[in-house]
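Note sheet for the following structure.
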Amino acid sequence: MLSRIIYVSTAVGPVTTAVTGTILRSAQAHNPANGITGVLCQGRGLYLQVLEGERNQVEALYARIALDKRHHKVVLHQQESISRRRYGKWAMAHVDMGQLSDEEAAHPQQTAFDPYTATAEEVMAKIDALIAAGMVMHAPVI
Ligand SMILES: Cc1cc2nc3c(=O)[nH]c(=O)nc-3n(C[C@H](O)[C@H](O)[C@H](O)COP(=O)(O)O)c2cc1C
């Protein structure tokens, strides 16, 4: 059965290209063999990740990631059965959510996106908007 997990977390220390590169290399090394696809959004000191795949594989990976010392305050947003993958072509796309949109910059109080308080639907809409806006930095295909 296919399953999807969405979680948000806070980076421990500054999120450097080196740290993110190491994480993405792990994802590329393991995810295709484990049938995992998804998106890793990173920016503003936060991670927001969508993991898709067979339920046992997704749960095993999430359990491993949750123990990773490179982030903390790992909060599960959504875990549900899905009929098909949303990000099926990507072993783990890297999406930059570090930039504030013009709208957010102009009205930070009103429109700032907080992945911790957003609903799962808002999170997915945000990710799709970032992808549509060309914020995908690296997207290794499966
Ligand atoms: C935010 C974040 C996202 C991660 N995403 C993945 C992933 O998609 N796939 C994966 O195998 N490891 C991922 N990792 C790394 C795992 O926690 C773990 O370190 C790694 O899988 C161990 O394998 P390695 O020793 O071969 O690197 C992630 C870690 C962090 C902090």
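Taken together, the values in this text are just the output of simple stated rules run on the coordinates, not laboratory data. Predicted model only: the values in this text are computed from it and were never measured. Backbone-built Cβ (ideal geometry, glycine too); neighbour counts: all protein chains shown.
The table below gives the values:
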read-out: Between segment 81-95 and segment 27-63, the alpha-carbon center distance in angstrom; value: 9 Å
read-out: Length gained when the stretch A129-V19 is fully extended (0.36 nm per residue, less Cα-Cα span); value: 37.1 nm
read-out: Two-site FRET efficiency, V12 against N34, from Cβ-Cβ distance with R₀ of 22 Å, rounded to 0.05; value: 0.35
read-out: Cα shape, segment 2-138, gyration tensor, a/c 1.5 rule; value: prolate
read-out: Using θ = phi - 60° and Karplus 6.51 cos²θ - 1.76 cosθ + 1.60, couplings along segment 18-23 (whole Hz; Gly, Pro as x); value: 5, 5, 4, x, 5, 4
read-out: Gain upon complete extension [E122, H72; 0.36 nm per residue less C-alpha separation]; value: 15.8 nm
read-out: Note, ³J(HN,Hα) from phi for segment 124-133, Karplus 6.51, -1.76, 1.60, rounded to Hz, x at Gly and Pro; value: 5, 5, 5, 4, 5, 5, 5, 5, 4, 7
read-out: Volume in Å³ per residue [convex hull over Cα atoms, computed for segment 1-75]; value: 75 Å³
